[in-house]
1. Give, rounded to the nearest 20 debye, the magnitude of the charge dipole that the chain has about its Cα centre when Lys and Arg contribute +1 at Cβ and Asp and Glu contribute -1 at Cβ.
2. Return a whole-number percent for the relative contact order of the chain, with Cα pairs under 8 Å and 6 or more residues apart as the contact set.
3. Please give the helix 36-51 orientation as an angle from the longest Cα principal axis of the chain, in degrees from 0 to 90, rounded to the nearest 10.
4. Out of all Cα-Cα pairs in the chain, roughly what percent, to the nearest whole number, are more than 13 Å apart?
5. What number, rounded to the nearest 500 deg cm²/dmol, is the helix-based mean residue ellipticity at 222 nm of the chain, given -39500 (n - 2.57) per DSSP H run of at least four residues and division by all its residues?
6. Spelling out what I want: for every residue of region 26-31, take phi, set θ = phi - 60°, compute 6.51 cos²θ - 1.76 cosθ + 1.60 (Karplus), and round to whole Hz; glycine and proline get x.
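Taken together, the values in this text are just the output of simple stated rules run on the coordinates, not laboratory data. Worth saying up front: this structure is predicted, and the values here are computed from it rather than measured. Neighbour counts run over all protein chains shown; Cβ positions are idealised from the backbone, glycine included.
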Amino acid sequence: MIATLGPNRLGVCAGLSCRGTFVDLSRNGSKQYCTRTCAHRAGVAAYRSRRGPN
């Protein structure tokens, strides 16, 4: 699979506390996170930072 897609489809997770790696199989090559869990954590952190202190 890597041979047909090329090495630019290999990535490192964008999660702050994660250094997992992944192969981006999306059509447009825009994958950023290794799992849905890492993506969810990043989304929750962004939401909380936008919301500010209560």
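1. The dipole of the chain has a size of about 240 debye.
2. 27
3. Helix 36-51 sits at roughly 30 degrees to that axis.
4. Percentage above 13 Å: 62.
5. Rounded to the nearest 500, the figure is -11000 deg cm²/dmol.
6. 5, 4, 9, x, 10, 5
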